[in-house]
1. Just to confirm the number: angle between the C-alpha axis of helix 38-75 and the first principal axis of the chain, 0 to 90 degrees, nearest 10?
2. Using a Förster distance of 35 Å, how high is the FRET efficiency between residue 60 and residue 138, based on the Cβ-Cβ distance and rounded to 0.05?
3. How are the C-alpha pair distances of segment 25-106 spread across 10 Å bins, as whole percents from the shortest bin up?
4. Counting C-alpha atoms alone, how compact is the chain: give Rg to one decimal and Dmax as a whole number, in angstrom.
5. Residues of segment 79-106 with amide nitrogen under 17 Å from the 7 Å Cα-to-Cβ point of residue 53?
6. Could you work out which residue, out of 104, 73, 117, moves most in a Gaussian network model of the chain, that is, has the largest mean-square fluctuation with Cα springs under 10 Å?
7. Counting Lys and Arg as +1 and Asp and Glu as -1, what is the net charge of the other residues whose Cβ lies under 12 Å from the Cβ of residue 64?
8. Of the residues 78, 30, 145, which exhibits the maximal mean-square fluctuation in a Gaussian network model of the chain defined by a 10 Å Cα contact cut-off?
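Values in this text are rule-based calculations from the coordinates and carry no lab data. These numbers come from a predicted model, not from an experiment. All Cβ positions, even for glycine, are placed from backbone atoms using ideal geometry, and neighbour counts span all protein chains on display.
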Amino acid sequence: MRMRAWMIAAVMLMATSASAAGLRIAYVDVRAAIENTKEYQAGIAKLKALQAKRQKELDALRKQIEAKQEELDKKSMVLAPEKLSALEDELKDLRKQFERKREDAQEELREKKMQLDLRMMKKFRKVLEALAKERSYDFVFGRPVLLYAAPQHEITAEITKRLDAAK
């Protein structure tokens, strides 16, 4: 809380002195700038497709487990102890396999999302720096830090447009 108060005071001080010193200031909503790009949206669509594929695989394995459990429930009274034990072991192995696949799928999706975010952040940084140099901005602030900024200083849409144009 104390840090935020210092940040606000610093921004207010800079804003006050900006008009006197002729400083050029802009702000950007980083998240919106990135999430509204075509590349990011395509990446998210790919992640959702991968998630659906992994879910389908897990659902198939879950059905196998349910079928084995049903078989075990039906035959538990009539099977020989060694056959019953083998069926229980098979069911246990299927459950372990399911958990491993579920964890692997979650990790794969997390990793791919992180790669997408890092790739987009790297591009964002390049575009932001180029725009800041081109327009001679002294400061570019991120949106969550600001309590108020005049709309004419926002460059989020311009950043998104340039990210879409950058290949």
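1. Approximately 20 degrees, to the nearest ten.
2. Numbers: r = 58 Å, r/R0 = 1.65.
Working from the Cβ atoms, E equals 0.05.
3. Reading upward from the zero bin: 16, 28, 19, 15, 11, 7, 3, 1.
4. 27.2, 91
5. The answer is 101-106, whose backbone nitrogens lie closer than 17 Å to the label point.
6. 73
7. Values: positive: 62, 63, 68, 95, 101; negative: 57, 59, 66, 70, 71, 90, 93.
Summing Lys and Arg as +1 and Asp and Glu as -1 gives -2.
8. 78
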